[in-house]
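Structure provided below as structure tokens; questions to follow.
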Amino acid sequence: MNKNHRVPSNRSLSAVEVKSKFGAEFRRFSLDRSKPGRFDEFYGLLQHVHRIPNVELLVGYADVHGDLLPINNDDNYHKAISTASPLLRLFLQRKEEADYAAFGTDSLTRRKNTVLSAVLLRPDANRKKPPVIISLPRDFRPVSSIIDVDILPETHRRVRLYKHGQEKPLGFYIRDGSSVRVTAQGLEKVPGIFISRMVPGGLAESTGLLAVNDEVLEVNGIEVAGKSLDQVTDMMIANSHNLIITVKPANQRNNVVRGGGGGGTASGSSGRSSDSGASYYGYGSGGGGGGGGRAAPLPLPSSSAASSATPSHIIQNFPLGAELESDEDDEDLVIEAGGEAEPIRRAPSLPRYEPHLDLRRGPSPANGALPASGSGGSLSSGLPASATPSPDKAAERRSLEEDGTVITL
Amino acid sequence: MKRFRRHGQESQRDRLKQELFQFNKTVEHGFPHQPSALSFSPSLQLLAIGTHSGAIKLYGAPGVEFMGLHDENAAVTQVHFLPQQVELVTLLEDNSLHMWTLRAHQGLSELLEIGRFTLTGPPGAFPNVTRVTAVLAHSLGELLLLGTEGGHVFIVEVPGFRELEERNISLDQVANSVPEDYIGRRNLEHVEALQENPVDPNQVVIGYGRGLMVIWDLEKQCALQHIPATQQLESVWWTEDGRHLISSHSDGSYCRWAVGEGDESDEEEKSDIPYGHFPCKAITKIIQLPTQQGPPFLLFSGGMPRASYGDRHCITVIHGKTQIALDFTSRIIDFFVIKDGPQHTGDPSALVVLVEEELVVIDLQTDGWPVIQTPYLVPLHCSAITCSHHVSAIPLKLWERILATGDLQQTHYSKKPWPITGGQNLAPDPPQRDLLLTGHEDGTVRFWDASGVCLHPMYKLSTAGVFHTDTDPNDNMNQSTEGEWPLFRKVGCFDPYSDDPRLGVQKIHLCKYSGYLTVAGTAGQILVLELNDEAAEQTVEAKVVDLLQGQEGFRWKGHTRLDVREEPVLFPPGFQPFALVQCQPPAVITALNLHSEWKLVAFGTSHGFGLYDYQQKNSVLVKCTLNPSDQLAMEGPLSRVKSIKKSLRQSFRRIRRSRVSLRKHHVNNAAKLQEANARLEAELAEMELAPVQRKIEARSSDDSFTGLVRTLYFADTFLSDSSHNTPSLWAGTNGGCVFAYMLRIPPMEHRAEEGVAAQPAKEIQLMHRAPVVGIVVLDGHGAPLPEPLEVAHDLARSPDMQGSHHLLVVSEEQFKVFTLPKVSAKMKLKLTAIDGSRVRRVGVSWFSSSRTEDYGESGLVVLTNQGDLHVVSLPHVKMQVHYPCVRKEDVSGIASCVFTKHGQGFYLISPSEFERFSLSTRFVVEPRCLVEPPLHSAASQRRRQLDGASSPHRHVSTAAASLPSQPPPPLANLPVCPSPSRNPRQDAEDAEVLQEIQKSLEGDQTLTMENNVKSAVA
């Protein structure tokens, strides 16, 4: 690493020197600082110069502080180009071999000798004790959580049950009931909808976010007052891919205590759910590591902070435009004649990083195709094996359902 | 600035919406459910029917109909027109009396309730003292006589319902004068009948339940004659000459009594038990009518020998030597006879019988007494309706051919015109010819003229002839054997018993341009039929299609396939089957479509779908959609229903045979009702203890019936590339899956030889997995593609093939627009996620603006499971308007809904009635009619007008203004209905003057009223 490069020169004002490293190989080339182009072009260029056209890559660069930061969209690509001084050091990894632990603050400086060398020189080396892994924002798998704590009355709780690509049933029942309201005329009995039963092992029960006899006030931001049990049932099922229920918990003792503001304090309630949480996150223990074991909002990368700061929005925890905040519709599956299944996307502009929640399970399926049965954590192609559901899973699901007589009409 | 402009645009859109959409329930077609009372006004020529649910319906000439609904949810037990007036009185089960009138408003009559009344007895009296059992509307139109369960007769002045206490005929007054030797004098029981002497309005006969009849003079307030019948009385009839009374009794006898004033002969003149020897059932009503020449007509209901024919519903007609027992298929409610002549006093011309399930009119002047076909009140449900299909704007040619074949079927009807002629139909001619096709459980398809207010039967098609069935289809109607006595004649067409439920029609599709019809049924049968004006004998070859496609491990547990007749079958003129497909497994057909230009039929069941080429008679495509783990789909839907139905049928038959005859007046009705209510409450309480729960779970591909095919659609569109459009077939399933097939149709000249090919092109799995209920392709302008052959007949603009097409998929939960040929989501509208309602029925309609002739737009019409109607704009899928339409509990009503192509629709409000509604401002079919009051009742008209001016309707007024029946002042001669030429100011002035007259009269009102009554009676 030649110190001379750090001296700004006339040449460097217009051109950025790039040193790209993939495995043990280096490539050097330059880019025009004023016209960096788009990320996908850049990505293609990298594949080209390394002569690895069909390899899925994770691109990282060393920033001025020596942190290894990812390049995966136009924004952080431009940021990387503009801050390069003047050399831009790139580290490419095979996607399936990528080590997410490498990214983050101080990642390069702190463990320069160990981690970087491990990443760059011995990508396949076995590490005895993996550090805390923080994945890319788009690779966060949304998990069930309590949200909007800052805008709701303390007696209410807004719960998001995120059932994306999971085999776990939502697992609860609702019933008609009546609740007592305080009005000008005194106490008044009004009809309401209540949670009547939990299915052991279901999402609702295992996260501990809902409890029997909680009164349902809203479903995905829409009040249920005046709606029939059947209507509320249909609303919940229609939103089942991303169900947000506002409840008035029957047990008011565990209410969220409002802290210094911001979403982070929601974790105040996490103690309750952490008991059962471990098994829930078990399937990809490394996967959602940041939020693992806690039913709390995930730590967010700074890029999404702006969008999460708008409190009026119900869905706070995920950047608005991010593809992982899936409107399920973008994932209707279309199979063209003779071709492969592909999920429909509204804006297929960026090459996508494929999800890697099951990092330990070897290569992920090819681009968005039907996940092979068994890879439960696939994020974007969230169809649970639509064509050929594996029988063992069906059996498993059935076993989760509680037996006993229930009137379901 | 921008916001301001947008606001302007929105209000413009709002205005446009008002011009395009408007919701009205316009008319009820069919036969009222559970009719309970009948009346006829000879002077108005109107028929009135009251129902169990408290509705009152009036019918006159075809197209003249009115409907009213009592606020009380109680059955109408009696209806009486006030003679020579436009008022009628109804008696409800809760003992309340209601006064209705036909009031003219802006040149149209409307039925209004103008008063209500409940008899109040003396304090402390038993409630049965005032429980009304008999009503007589006196011929002068001023009095109402009310006989009660306690045996009293109350006299009330109408229409104001003022009790004339001093004139009441109490039981004591009557009992005192009863001859000592009359055995039942201790207890005369309730008043069973009240009749007026046709020649002397002062005389009325009061018939008591015990049998005694008393002729009472209203003026002198005394009994004139006692007629000591000893059998339980059922009805009394006063012959037209006023000289005889005929009474009918519960033992099946009737007696004729001479009416002699002052003559105390209590001698029974003639008594007869017409079906005698063995015990007979009661004769519930008897009438005798003279003819100008020849013997009189005697008609009575009931009286059948208990043991042999106790379960029959019969009316016996005796005329000279002819005697026939008309055998109806359901219980007789009431009947009357229409008489000829300008004053309706001539020979009897028609017998009108209201039975529980239909109205039958019999021509008494033609030999053989044939039935006159009813232009309204048609029994839609002669066999249960299983599906319906509406076709708008039928070309005249096809219309006439259907009419002609229909006429050939109606040879046994009388040629006489419809005898009920009251009122004028002022509705404009229907804008187009519309057909409503109903499929029935017995395998018939009925064609109804749905263009106007009267749903008129046109043609009936039976599909049963193609198959071997267990029973001879004619078995039911020809039960009578040779030489049987009495001579029965089956009348009416209500026949609810279908012996092979597999014949049931489930889906219908008619191409109005080519006359091809396809009908699909419960046992997986699909018939393709063609209209032929000649009878033809032909063999229908069946093509069996295996929808399971060799998938193993399935065993169909439902019904078997229908057996097809292998020998040639003679088909009458009309729609004749020429091709038949039978699905294997023979599950019910759930989707059907026909493309007459390509000569293809697509069909689907819960197992898959197929495409059939009916020109070459071969199967083009079979696709199995069944989920391998879905065992429930192999259960025949009929297996359970069948047994329920069977047991129901048996219990019905048991009831019919039971010896218990229904007494007219249930003394303990109230007690029974209370008991039932208590039981219901207990059940409800029980339900509260074990609350209903609903499972919240995302849909999964493993759910049952995900493979059920919900919709099939043909489109000529861009399926593979954006430059060449090709024919295509689209199918949507219950599991949210859409399959698209590209079709290769040989050119016309080689169509007969070259095969049609289908090749899979696309498959879309909706992520939310809700059932796909509709698929529409929108052309480059965003308009739905036209129907096949529509463009060829110059009836539609050819679709825009330049711009890009869009695919609209309607699922139960949302509306979604995709681009074509590359399928990607473009727009969507969520329904269930927002308000919890789901799409049940969907159709595409054209809405024309009411303001400008040339503007119109297409829209999706949607009925949700909450019973709400929505209009969704195309192609932008934006919610436009919504209206509540059906009660959400009325699941079968919602399921039965069909939409027309012009924003109207029909749904069943009972098994026998369609409600017609309109969402369009331009296409509204509703009754518009005018009933003129009878000419010689000017006085009552005048009074009615005054009433109307002084107080709104529905007053219980004991101070109803009434005028002496002197020559009317000139002002009061005004017509009731303002003629179009009159100017409104004149009207207002008239009203003022009339009010003044009324005020001046109110001073000496009581006096006037008494005068009035006296002069009326005199």
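The values are calculated or read from the model by the stated rules, or taken from the named source; none is laboratory data. Given the structure is predicted, the values throughout are model-derived calculations rather than measurements. With ideal geometry, Cβ positions are generated from the backbone for all residues, glycine too; neighbour counts draw on all protein chains shown. In case anyone asks, the SASA skips ligands and DNA or RNA and just uses the protein heavy atoms, side chains included. Shrake-Rupley method; radii C 1.70, N 1.55, O 1.52, S 1.80 Å.
Only one residue in B:R744, B:R710 is surrounded by 18 or more Cβ atoms within 10 Å (Cβ to Cβ), charged (D, E, K, R), in contact with a strand residue (DSSP E or B) (Cβ under 8 Å, 6 or more places away or on another chain) and under 30 Å from B:K617 (Cβ atoms), so which one is that?
Selected residue: B:R710, the only one of B:R744, B:R710 that is surrounded by 18 or more Cβ atoms within 10 Å (Cβ to Cβ), charged (D, E, K, R), in contact with a strand residue (DSSP E or B) (Cβ under 8 Å, 6 or more places away or on another chain) and under 30 Å from B:K617 (Cβ atoms).
Matching residues to (1) at pLDDT below 90; (2) of a type in the set (A, V, I, L, M, F, W, C):
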{"residue": "B:R5", "(1), (2)": "yes, no"}
{"residue": "B:E10", "(1), (2)": "yes, no"}
{"residue": "B:L16", "(1), (2)": "yes, yes"}
{"residue": "B:S39", "(1), (2)": "no, no"}
{"residue": "B:G50", "(1), (2)": "no, no"}
{"residue": "B:G60", "(1), (2)": "no, no"}
{"residue": "B:G68", "(1), (2)": "no, no"}
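Residue by residue through the stretch B:858-907, note down the ones that are β-branched (V, I, T), surrounded by fewer than 18 Cβ atoms within 10 Å (Cβ to Cβ) and within 14 Å of chain A (Cβ to nearest Cβ).
B:V891
Sticking with this one: Looking only at the stretch B:779-791, decide whether some residue is closer than 18 Å to B:T711 by Cβ, more than 12 Å from chain A (Cβ to nearest Cβ) and over 37 Å from the mean Cα position of the chain (by Cα).
Scanning the stretch B:779-791 turns up no residue that is closer than 18 Å to B:T711 by Cβ, more than 12 Å from chain A (Cβ to nearest Cβ) and over 37 Å from the mean Cα position of the chain (by Cα).
May I ask you to verify whether B:Q292 is of a type in the set (S, T, N, Q), in a strand (DSSP E or B) and in contact (Cβ under 8 Å) with a residue 12 or more places away in the chain?
no
Given the residues B:S247, B:S271, which is the only one that is in contact with a Cys (Cβ under 6 Å, 6 or more places away or on another chain) and open to solvent by 10 Å² or more (accessible area, probe 1.4 Å)?
B:S271
Keeping to the stretch B:732-773, report how many residues are away from chain A (no Cβ under 14 Å) and among the hydrophobic types (A, V, I, L, M, F, W, C).
Final tally of qualifying residues: 5.
Which ones in the stretch B:550-581 are at pLDDT 85 or above, buried (at least 17 other Cβ atoms within 10 Å of the Cβ) and not aromatic (F, W, Y)?
Passing the criteria: B:H559, B:R561, B:L562, B:V564, B:V569, B:P573, B:G574, B:Q576, B:P577, B:A579, B:L580, B:V581.
Would you say B:S910 is under 19 Å from B:S392 (Cα atoms) and of a type in the set (S, T, Y)?
For B:S910, the condition - under 19 Å from B:S392 (Cα atoms) and of a type in the set (S, T, Y) - is not met.
Output the residues belonging to the stretch B:773-832 that are charged (D, E, K, R), over 27 Å from B:A393 (Cβ atoms) and open to solvent by less than 30 Å² (accessible area, probe 1.4 Å).
Correct list: B:E812, B:E813, B:K816.
Next up: Quick check on my filter: what residues within the stretch A:198-217 are under 24 Å from the mean Cα position of the chain (by Cα) and not hydroxyl-bearing (S, T, Y)?
A:G201, A:G202, A:L203, A:A204, A:E205, A:G208, A:L209, A:L210
Within the stretch A:1-13, how many residues are over 16 Å from A:T83 (Cβ atoms) and either among the polar types (S, T, N, Q) or at pLDDT 85 or above (or both)?
Summing the residues that are over 16 Å from A:T83 (Cβ atoms) and either among the polar types (S, T, N, Q) or at pLDDT 85 or above (or both) in the stretch A:1-13 gives 4.
Let me ask another. Return a yes/no flag: does the stretch B:582-596 have any residue that is modelled with pLDDT under 90 and open to solvent by 10 Å² or more (accessible area, probe 1.4 Å).
yes
Here are the criteria: (1) open to solvent by 10 Å² or more (accessible area, probe 1.4 Å); (2) more than 23 Å from the chain's Cα centre (by Cα); (3) in contact (Cβ under 8 Å) with a residue 24 or more places away in the chain. Tell me which single one B:S837 does not satisfy.
Looking at each condition in turn, B:S837 falls short on (1).
I'd like the full set of residues that are under 12 Å from B:I362 (Cα atoms) and not aliphatic (A, V, I, L, M), limited to the stretch B:329-350.
Within the stretch B:329-350, B:F335, B:F336, B:P348, B:S349 qualify.
Could you check A:V149 against (1) buried (at least 23 other Cβ atoms within 10 Å of the Cβ); (2) of a type outside the set (K, R); (3) within 14 Å of chain B (Cβ to nearest Cβ); (4) farther than 19 Å from A:A238 by Cα and say which number it fails?
It fails just one condition, (3).
Here's another thing I want to ask about it. Mind checking whether some residue in the stretch A:219-232 is among the small types (G, A, S) and facing chain B (nearest Cβ under 7 Å)?
No; the residues of the stretch A:219-232 include none that is among the small types (G, A, S) and facing chain B (nearest Cβ under 7 Å).
Condition (residue is open to solvent by 30 Å² or more (accessible area, probe 1.4 Å), of a type in the set (S, T, N, Q) and within 14 Å of B:L299 (Cα to Cα)) applied to the stretch B:312-335: is it met by at least one residue?
Yes, the stretch B:312-335 has at least one match.
Among the residues of the stretch B:360-390, which ones are farther than 21 Å from B:H319 by Cα and open to solvent by 10 Å² or more (accessible area, probe 1.4 Å)?
Selection gives B:Q373, B:T374, B:P375, B:P379, B:H381, B:A384, B:I385, B:T386, B:C387, B:S388, B:H389, B:H390.
Out of (1) within 11 Å of another protein chain (Cβ to nearest Cβ); (2) at pLDDT below 90, the odd one out for B:T852 is which?
Of (1) within 11 Å of another protein chain (Cβ to nearest Cβ); (2) at pLDDT below 90, only one is false for B:T852: (1).
May I pose another question? Does the stretch B:908-926 contain at least one residue that is touching a strand residue (DSSP E or B) at 6+ places or on another chain (Cβ under 6 Å), closer than 24 Å to B:Q34 by Cα, at pLDDT below 90 and surrounded by fewer than 21 Cβ atoms within 10 Å (Cβ to Cβ)?
Yes, the stretch B:908-926 contains at least one residue that is touching a strand residue (DSSP E or B) at 6+ places or on another chain (Cβ under 6 Å), closer than 24 Å to B:Q34 by Cα, at pLDDT below 90 and surrounded by fewer than 21 Cβ atoms within 10 Å (Cβ to Cβ).
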